[in-house]
Amino acid sequence: MPIIEVKSVTRYFGGVPALKDVSFSMDRQEILGLIGPNGAGKTTIFNIISGFVKPGKGHVLLEGERISGHKPNVLCRKGIARTFQIVRPFEEITVLENVVTGALCRSGNISDAREKALKILADVDMSGKAGLKGKNLPIGDRKRLELAKALATEPRVLLLDEVMAGLTPTEVNVIIRLIKDLQKNGLTVIVIEHNMSAIMSLSDRIVVLDHGEKIAEGRPQEVAGNPEVVRAYLGEDVEYA
């Protein structure tokens, strides 16, 4: 059974279609890249899977259970976590306290949540910044903090919305290695990303959206060579590992 199934999801905003009959599914421990030009509907898919937006038509299943319409806090407890394209840490508390807030999703014990948060900060190489306030972090560290907060909720499915945007090539490589390690440890990941080199090397499969419709799905090499994808988004000079 797939861990995630998106079935014929359609959503309009003010009469404008954001998504039109989009379907795909994911196996456990798969990394799925979700790409397309700005306005293609990528973040709307994330909003629907994570409960911030209800589909107009269609539905989403988590391990066979229909989850469409549940609130984000309910879906978080069911094992769906996400990051946001525009990162907003809790600015007036420390990095450690930011991650503790995520860990409290699973534990009402502050001591246990703090222990878990410290481990996750070590995993994302931020232990040395645990005492800094969120407002004092540069963009690269804010991205990693956003990821750490999501991981603290102990997700089964992790949605990453442009987690590598604005990072240096070295920072991008760090994030790629971290995501692959998460996959090895059992996590299923959906990634929205405009860094084509990164998404092509990272993903097991890729789904391409354009104007709210799925125009291609397949392995990175297949998608990169798809004429419709090249026309809509990639351009002629895409490179992938």
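The values are calculated or read from the model by the stated rules, or taken from the named source; none is laboratory data. It should be emphasised that the depicted structure is a prediction, and the values quoted were computed from it without experimental measurement. A quick note on method: Cβ atoms are made from the backbone with ideal geometry, for glycine too, and the neighbour counts reach across all protein chains shown.
Within segment 58-65, can one find any residue that is assigned by TED's automatic domain parsing to the domain that holds Thr10, touching a Gly at 6+ places or on another chain (Cβ under 6 Å) and without any contact (Cβ under 8 Å) to a residue 40 or more places away in the chain? No: segment 58-65 contains no residue that is assigned by TED's automatic domain parsing to the domain that holds Thr10, touching a Gly at 6+ places or on another chain (Cβ under 6 Å) and without any contact (Cβ under 8 Å) to a residue 40 or more places away in the chain.
Scanning segment 55-65 for residues that are part of a strand (DSSP E or B), within 20 Å of the chain's Cα centre (by Cα) and within 17 Å of Ala81 (Cα to Cα) yields Val60, Leu61, Leu62.
Restricting Leu182, Leu202 to residues that are closer than 27 Å to Asn73 by Cβ, under 14 Å from the mean Cα position of the chain (by Cα) and in contact (Cβ under 8 Å) with a residue 24 or more places away in the chain narrows the list to Leu182. Within segment 143-164, is there a residue that is over 25 Å from Gln29 (Cα atoms) and either assigned by TED's automatic domain parsing to the domain that holds Asn47 or not small (Gly, Ala, Ser) (or both)? No - not one qualifying residue is present in segment 143-164. Screening segment 155-179 for residues that are at pLDDT 95 or above and farther than 17 Å from Val207 by Cβ and picking the one that is surrounded by the fewest Cβ atoms within 10 Å (Cβ to Cβ) gives Arg156. Of all the listed residues (Phe84, Phe13, Phe46, Phe24), the sole one being outside the structural domain of Leu182 (by TED's automatic domain parsing) and either at pLDDT below 95 or under 27 Å from Pro220 (Cβ atoms) (or both) is Phe84. Scanning segment 207-235 for residues that are modelled with pLDDT under 90 and aliphatic (A, V, I, L, M) gives Ala224, Val229, Val230, Ala232, Leu234. Taking the listed residues Gly102, Gly186, Gly128, Gly140, the one that is assigned to a helix (DSSP H, G or I) and under 30 Å from Ser25 (Cβ atoms) is Gly102, with no other qualifying. Restricted to segment 1-40, and to residues that are of a type in the set (S, T, N, Q) and touching a residue at least 12 places away in the same chain (Cβ under 8 Å), which residue is nearest to Leu182 (Cα to Cα)? Step by step, filter segment 1-40, then rank; the result is Gln29. Exactly one residue out of Ala18, Ala40, Ala81 is under 30 Å from Ala198 (Cα atoms) and in a loop (DSSP other than H, G, I, E, B), and it is Ala40.
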